[in-house]
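Student: Below: one structure in structure tokens.
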Amino acid sequence: MENNTVQHRIMYPLVMAALLFGCFLLCRFPFFSLHGMKSWPFNLFVPGLVSIIIFAVFNCRKAMLFTVVGYIIGFALGMLFNTARLDSGGGMLNNAWIIWTASFLMLMVIGGVLDLVTKKIGKKS
């Protein structure tokens, strides 16, 4: 049984990291025409991957899942609710990256809080 637990503690983060990488590839390449940002998908992927590694150390499975889900849902929300406008110099401004980042971070925090609450409730039982 111990080997099974160790195997799950290793495989789950690897699967979550692979899923996050898949989301990154989708957002960076096929969906590029929706947002036009070359580096921002990667700029969110890296902290997401680091978060999965940290959450894996503390066995926070919900937080890892919410990290992956937050990346893609944040992207969807950013594309859905973004606004584009011209600045005073005639350049285009768009807030999709702000919505994407805020949604992504909020879902990661929600996942971490859920794991903390679940672990505290489990210790009391």
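Student: With a cut-off of at most 11 other beta carbons within 10 Å, and DSSP calling the residue loop, which trypsin sites (Lys or Arg not before Pro) in region 1-92 qualify? Please list them.
Tutor: K38
Student: Go from 0 up to the bin containing the longest alpha carbon distance in region 45-102, width 5 Å each, and give me the % of pairs per bin.
Tutor: 4, 19, 19, 17, 14, 10, 7, 5, 3, 1
Student: Could you tell me the distance between the Cα centroids of region 38-65 and region 86-125, to the nearest Å?
Tutor: Each part's Cα centre sits 12 Å from the other's.
Student: Can you give me the distance in nm between label points at K124 and T83, each placed 7 Å from the Cα along the Cα-to-Cβ direction?
Tutor: About 4.3 nm, to one decimal.
Student: Follow-up question, since we're still on this one. Kindly count the pairs of lysines across the chain whose alpha carbons are less than 29 Å apart, treating pairs on different chains or eight or more residues apart as eligible. Don't jump to the answer; show the numbers that get you there.
Tutor: Values: K62/K119; K62/K120; K62/K123; K62/K124.
Step by step, the pairs that qualify in the chain add up to 4.
Student: Still on this structure, please answer the following. Would you kindly calculate the mean projected area, averaged across all directions, of the convex hull enclosing the Cα atoms of region 1-71, in square nanometres? Intermediate values should be presented prior to the final figure.
Tutor: Values: hull surface 18.4 nm².
Here the figure is 4.6 nm², rounded to one decimal.
Student: For the chain, what is the calculated [θ] at 222 nm in deg cm²/dmol (nearest 500), taking -39500 (n - 2.57) for each run of four or more DSSP H residues and dividing by its residue count?
Tutor: It lands at -27000 deg cm²/dmol.
Student: So if I place +1 on the C-beta of Lys and Arg and -1 on the C-beta of Asp and Glu, and nothing else carries charge, what would the dipole magnitude of the chain be about its Cα centre? I want it in debye, nearest 20.
Tutor: 360
Student: Now for a separate question. Among L105, L44, L86, determine the one that fluctuates most according to a GNM of the chain built with springs between C-alpha atoms less than 10 Å apart.
Tutor: Greatest mean-square fluctuation among the candidates belongs to L86.
Student: Sort L77, L20, L25 so that the residue with the fewest other Cβ atoms within 10 Å of its own Cβ comes first and the one with the most comes last.
Tutor: L25, L77, L20
Student: Relative contact order, percent, of the chain when contacts are C-alpha pairs under 8 Å separated by at least 6 residues? Don't skip to the answer; put the middle values down first.
Tutor: On the way: 131 pairs, mean separation 30.8, N = 125.
Relative contact order, the chain: 25 percent.
Student: Taking only Cα atoms of region 2-124, what ratio of Rg to Rh do you get with Rh as the Kirkwood inverse-distance radius?
Tutor: Here the Rg-to-Rh quotient is 1.08.
Quick note: the coordinates plus some simple rules give every number you see, no bench work behind them. Remember, it's a predicted structure, so these values are computed and weren't measured experimentally. No Cβ is skipped: glycine too gets one built from the backbone with ideal geometry, and neighbour counts run over all protein chains shown.
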